[in-house]
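Undergrad: Sharing a structure below in structure tokens format, with a few things to ask.
Nothing in this text is a laboratory measurement; each read-out follows from the coordinates by a stated rule. Keep in mind that what you see is a predicted model, and the values were worked out from it rather than measured. No Cβ is skipped: glycine too gets one built from the backbone with ideal geometry, and neighbour counts run over all protein chains shown.
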Amino acid sequence: MSPEEFRRQGHAAIDWIADYWASLDDLPVRAQVQPGDVRRLLPASAQEDAEPFDAVLGDLDRVVVPGLTHWQHPRFFAYFPANSSPAAILGDLLSSGVGAQGMIWATSPAVTEVEQVVLDWLAEALGLPEAFRSDGPGGGVIQDTASTATFTALLAALHRASGGAARLSGVGDVPWRVYGSTQAHSSLVKAAMMAGLGEDAVRGIATDPVTQTVDVEALRAAIVADVEAGLRPVMVHVAAGSTSTGAMDDIAAVAEVVREWGVWLHVDAAWAGVAAVCPEHRDHLAGVEAADSFVTNPHKWLLTTFDCSTFWVRDRAALTGALSILPEYLRNAATESGEVVDYRDWHPQLGRRFRAIKLWAVLRTYGLSGLREHIRSGVELARHVADLVADDDRFEMVTEPALSLVVFRLRAGDGQTLAAMEAVNASGEAYLSHTTVGGRAAIRLAVGSWRTTRADVDRTWRALQRAAAQV
Ligand code: PLP
């Protein structure tokens, strides 16, 4: 592709994205294809001869769009949002255009230093402890996902608790134990599996039946019992906004418990953490000053195109102690000087993209005021949904609304609840997801798209009411 052709096709690609967004309102939110439908539209092998890029763009509409669930659709309310935004997309494109590898400071100093500064900005904007800033012993890094961040936290915790033995000889037969509530995200168990501890090393602590938050006394009792039995507690995971219902564990109370044993405290605020840009939505992070590590995903609710998971640690030495490795081919004067951060020591992989550009673009073009407006609108729309639920006798709330997440069900029962949700999803009008709470089915409606309006919420609610009348 010549430079001139690149310019022309670049404009066409941006036009395609703008047209795609404009068309979303009329498209079914959930993909309507059956398994194999997309594959069948593709040739079995790559072609021998070159084609112009227009052919790829053309096939997006023919092959890809029908097989997409439209996460940027204004009536996408399933799971948690993976919201994007024009600024983030342009930032991501620029990152691809620059094509720099930021594995160590020396391979592109700007990749590291912009990331450090942007994460310091975000830490300040979220009211996170000063200890997490890059000018002290801690610091932040952009990971691909919260799952990787939690895995990385566990590796650092093992390094600290084993006095460095884990990196030398592995976890061996040491009976490490990891704690989280039964509502902790599955990435905690996966982290234990990947770290070689095994699923059974994770203790699922009971939760309060109403709030779904961790029972702190049960946590204390589990740790005491394990210590007495000769087991080795290594990390406690706190959910500051659980996936199922948005439950907010009491970080300060859990911190009191872990302090006695010097166990690593990891706060998983993957979805709800970014809400703290609004001072009035910070209560769920009370006690975070005691955390050893903290993760939140701007790629969920802060308008930053996937992937962008921001992870901070209080003491970066635990991370780099666990993960640093310096082969000859990466040796350089800057690293030897000790004056720079080499992010390859902060996560499992070596190579890394310039993800900070998109977050930088989001922070600058929205400004903190614009980001607060976005979060507040999600919370307000969720309250509106809760009012709609309260006004219709056929429905009931399952838990209190948590920020922009509403969990409710049909009083008629689980079958009816799931059938009504499926009817709405199948219609393509909106997309919702489900969970179980206390053994009973519930519908989750998570607001958060940058394109959702009150009219979209009302239209979704009417679709649910129609479905409820039919099940
Ligand atoms: N933690 C919580 C509380 C989540 O809700 C999620 C995903 O929804 C995750 C972790 C995993 O996020 P990621 O997809 O970034 O790994």
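Undergrad: What is the Cα convex hull volume of segment 52-109 when expressed per residue in Å³?
TA: In segment 52-109, the Cα hull volume divided by residue count equals 155 Å³.
Undergrad: Suppose every K and R has +1 on its Cβ and every D and E has -1 on its Cβ; what is the size of the dipole of the chain about the Cα centre, in Debye to the nearest 20?
TA: Here the size comes out at about 340 debye.
Undergrad: Okay, moving on. Arrange Cys278, Cys308 by Cβ neighbour counts within 10 Å, fewest through most, would you?
TA: So the residues, fewest neighbours to most, are Cys278, Cys308.
Undergrad: Now a separate question. Sorted from fewest to most neighbouring beta carbons within 10 Å, what does the list Thr69, Thr304, Thr460 look like?
TA: Thr69, Thr460, Thr304
Undergrad: Glu113 to Ala55: extension gain in nm, 0.36 nm per residue of separation minus the Cα-Cα distance?
TA: Full extension from Glu113 to Ala55 adds 17.0 nm.
Undergrad: For Ala22 and Leu326 in one chain, what is 0.36 nm times their gap in residues minus the Cα-Cα distance, to one decimal in nm?
TA: The span from Ala22 to Leu326 would gain 104.6 nm if fully extended.
Undergrad: Would you mind computing, in nm to one decimal, how far apart the modelled labels at Val33 and Ala334 are, each placed 7 Å from Cα along Cα→Cβ?
TA: Label-label distance for Val33 and Ala334, simple model: 4.2 nm.
Undergrad: Ok, one more. If amide H atoms are built 1.01 Å from N in the plane of the peptide, which residues on other chains or at least 5 residues away come under 5 Å of the amide H of Val437?
TA: Ala442
Undergrad: Take the Cα pairs of segment 318-368, get the Kirkwood Rh, then feed it into Stokes-Einstein at 20 °C and 1.002 mPa s and tell me D in µm²/s.
TA: Once the numbers are plugged in, D ends up at 163 µm²/s.
Undergrad: Which three numbers, in whole Å and largest first, are the semi-axes of the equivalent ellipsoid of the chain derived from its Cα gyration tensor as √(5λ)?
TA: 36, 32, 20
Undergrad: Same structure, new question: Please report Rg (one decimal) and Dmax (integer) in Å for the Cα set of segment 381-431.
TA: Expressed in Å, the Cα Rg and Dmax of segment 381-431 come to 11.2, 28.
Undergrad: What number results when the radius of gyration of segment 141-221, computed over Cα atoms, is divided by 2.2 N^0.38 Å?
TA: Relative to the rule-of-thumb radius for its length, segment 141-221 sits at 1.17.
Undergrad: Okay, next question. Around Ala100, under 12 Å between beta carbons, what's the net of Lys plus Arg minus Asp minus Glu among the other residues?
TA: +2
Undergrad: Kindly provide the helix-only [θ] at 222 nm of the chain, computed as the sum of -39,500 (n - 2.57) over DSSP H runs of four or more divided by all residues, to the nearest 500 deg cm²/dmol?
TA: The helix-only estimate for the chain comes to -13000 deg cm²/dmol at 222 nm.
Undergrad: Right, next: So between Ala225 and Arg62, what do we pick up on full extension, going 0.36 nm a residue minus the alpha carbon distance?
TA: 52.7 nm
Undergrad: Once you have all Cα-Cα distances for segment 270-381, histogram them in 10 Å bins from zero and send the whole-percent values.
TA: Calculated P(r), rounded to whole percents: 12, 35, 31, 17, 5, 0.
Undergrad: Among 384-394, 4-14, 127-137, how do they line up by average Cβ neighbours within 10 Å per residue, starting with the highest?
TA: Listed from highest to lowest mean packing, they are 127-137, 384-394, 4-14.
Undergrad: Quick check: net charge around Gly67, other residues with Cβ under 15 Å of its Cβ, Lys/Arg +1 and Asp/Glu -1?
TA: Charge balance in the 15 Å sphere: +1.
Undergrad: Output needed for segment 80-154: three equivalent-ellipsoid semi-axes, defined as square roots of 5 times the C-alpha gyration tensor eigenvalues, in descending order, whole Å.
TA: That gives 21, 18, 14 Å for the three semi-axes.
Undergrad: Further, regarding this structure: Give me the one-decimal Kirkwood hydrodynamic radius in Å for segment 1-137, with the sum taken over alpha-carbon pairs.
TA: Evaluated over segment 1-137, this radius sits at 19.0 Å.
Undergrad: Separate question: Using only the Cα atoms of segment 413-465, construct the convex hull and provide its projected area averaged over every direction, in square nanometres to one decimal.
TA: Reported value for the Cα convex hull: 3.8 nm².
Undergrad: If you take the alpha carbon radius of gyration of segment 200-347 and divide it by 2.2 N^0.38 Å, what ratio comes out, to two decimals?
TA: Compared with the compact-globule rule of thumb, segment 200-347 sits at 1.22.
Undergrad: Taking only C-alpha pairs under 8 Å that are 6+ residues apart, what is the relative contact order of the chain in percent?
TA: Relative contact order for the chain comes out at 22 percent.
Undergrad: I need the GluC sites (Glu not before Pro) found in segment 281-344, filtered to DSSP loop residues with at most 13 other beta carbons within 10 Å of theirs.
TA: Those satisfying the criteria are Glu339.
Undergrad: Moving to a separate point now. Neighbour counts of other C-beta atoms within 10 Å: give me Asp15, Asp49, Asp215, Asp268 arranged from fewest to most.
TA: With the fewest neighbours first, Asp15, Asp49, Asp215, Asp268 line up as Asp49, Asp15, Asp215, Asp268.
Undergrad: Taking the Cα atoms of segment 330-411, what is the range of coordinates along each of the three principal axes, in descending order and whole Å?
TA: 69, 29, 18
Undergrad: If every alpha-carbon in segment 317-471 counts as one equal scatterer, what log10 I(q)/I(0) does Debye give at q = 0.17, 0.18 1/Å?
TA: Reported log10 I(q)/I(0), two decimals: -0.93, -1.00.
Undergrad: Below 9 angstrom from the Cβ of Thr213, what's the summed charge of the other residues (Lys, Arg +1; Asp, Glu -1)?
TA: Result for the neighbourhood of Thr213: -4.
Undergrad: Suppose a student asked you for the relative contact order of segment 372-471, using Cα pairs under 8 Å spaced at least 6 residues apart; what percent would you report?
TA: 28 percent
Undergrad: Taking 51 Å as R0, compute the FRET efficiency from the Cβ-Cβ separation of Glu199 and Arg364 and round it to 0.05.
TA: It comes to 0.75.
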